[in-house]
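Participant: Take this structure first; my questions come after.
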Amino acid sequence: EAGVTQFPSHSVIEKGQTVTLRCDPISGHDNLYWYRRVMGKEIKFLLHFVKESKQDESGMPNNRFLAERTGGTYSTLKVQPAELEDSGVYFCASSQDPGSGAQYFGPGTRLLVL
Amino acid sequence: GESVGLHLPTLSVQEGDNSIINCAYSNSASDYFIWYKQESGKGPQFIIDIRSNMDKRQGQRVTVLLNKTVKHLSLQIAATQPGDSAVYFCAEMGENSGGGADGLTFGKGTHLIIQP
């Protein structure tokens, strides 16, 4: 069974540019989560999809971040315009049971904003 | 604010010894805790979880202990192997965790180093 995949693995952009991150969850997992870890900080929850619906987006830092999951399969996280403080590692995770702490994480996308 | 934190940033143990990684939490209403392992270049990997109605849970070579009185949990790894080298995170989940109802709230992490 394929795990959670994320693309790209690395991205280097300039401040003010736009970047779109993609996550492909494990097939059949309705729950998809985005997290990020900025330098020196803990991994922070961003939002949670159930199928194509945003169940909880309380962790989204501001309106420069837009997450979508059209069709309830893969998800994208767009940052527009990117700022220096957006640099970090963005993780996606998926699970079958929203009440379980056993989430399957992808390898992350390392974003560097210059 | 409420947080899940770790006592030590780095723990070095001899191969074959047992490892104990500690974690403290601050919200007495927290009721669900999870341990994750993160190897270099990979995403976090679920190890074991425990709910507040239990004080101990065992998995394969791992045991999690929960002390609700002092708001402390620990992960014990038996007979540590080189493949156990990783950063270990305790995490919390639930409406009181600060990570959204279904999001995980992670601690800072402890880097476990296995000495040959």
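Values quoted throughout were computed directly from the atomic coordinates according to the rules given, and no laboratory measurement underlies them. Remember, it's a predicted structure, so these values are computed and weren't measured experimentally. Don't worry about glycine lacking a Cβ; one is built from the backbone with ideal geometry, like all the others, and counts go over all protein chains shown.
Participant: By its C-alpha gyration tensor, with a ≥ b ≥ c as the square roots of the eigenvalues, how is region B:4-115 shaped: rounded for a/c under 1.5, else prolate for a/b larger than b/c, else oblate?
Facilitator: It comes out prolate by the Cα gyration axes.
Participant: Which of rounded, prolate or oblate describes region B:40-96 when judged by the alpha-carbon gyration tensor and an a/c cut-off of 1.5?
Facilitator: oblate
Participant: If the only charges are +1 at each Lys and Arg Cβ and -1 at each Asp and Glu Cβ, what is the size of the charge dipole of the protein assembly as shown around the Cα centre, to the nearest 20 debye?
Facilitator: Dipole magnitude for the protein assembly as shown comes out near 220 debye.
Participant: On to the next question. Give me a single rounded figure for A:46-53: the average over its residues of other chain Cβ atoms within 10 Å of their Cβ.
Facilitator: 1
Participant: Return P(r) of the protein assembly as shown (all Cα-Cα pairs; 10 Å bins starting at 0; whole %; ordered from short to long distances).
Facilitator: Histogram of Cα-Cα distances, whole percents per bin: 8, 33, 35, 19, 4, 0.
Participant: Further question on the same structure: What is the list of residues in region A:73-114 whose amide nitrogen lies under 17 Å from a point 7 angstrom out from the Cα of residue A:15, following Cα to Cβ?
Facilitator: Within reach of a label on residue A:15, which here means backbone N under 17 Å from a point 7 Å along Cα→Cβ, region A:73-114 contributes A:80-88, A:112-114.
Participant: Shape verdict for chain A, please, from the Cα gyration tensor: rounded (a/c under 1.5), prolate (a/b greater than b/c) or oblate.
Facilitator: prolate
Participant: Count the lysine pairs in the protein assembly as shown that are 8 or more places apart or on different chains: how many have C-alpha atoms under 18 angstrom apart?
Facilitator: 15
Participant: Something else about it: For residue A:5, enumerate residues with amide H under 5 Å from its amide H, sequence gap 5+ or separate chain, H modeled in the peptide plane.
Facilitator: Residues meeting the criterion, in which the H sits 1.01 Å from N, are A:24.
Participant: Across the residues of B:45-51, average count of Cβ atoms on other protein chains within 10 Å?
Facilitator: Average neighbour count from other chains, rounded to a whole number: 3.
Participant: Which of B:53, B:33, B:110 sits closest to the plus end of the dipole of chain B, meaning its Cα is farthest towards the positive end, when Lys and Arg get +1 and Asp and Glu get -1 on the C-beta?
Facilitator: B:53
Participant: I've got another one for you. I need the trypsin sites (Lys or Arg not before Pro) found in region A:43-114, filtered to DSSP loop residues with at most 15 other beta carbons within 10 Å of theirs.
Facilitator: Counting only loop positions with at most 15 other Cβ atoms within 10 Å, the trypsin sites (Lys or Arg not before Pro) in region A:43-114 are A:51, A:64.
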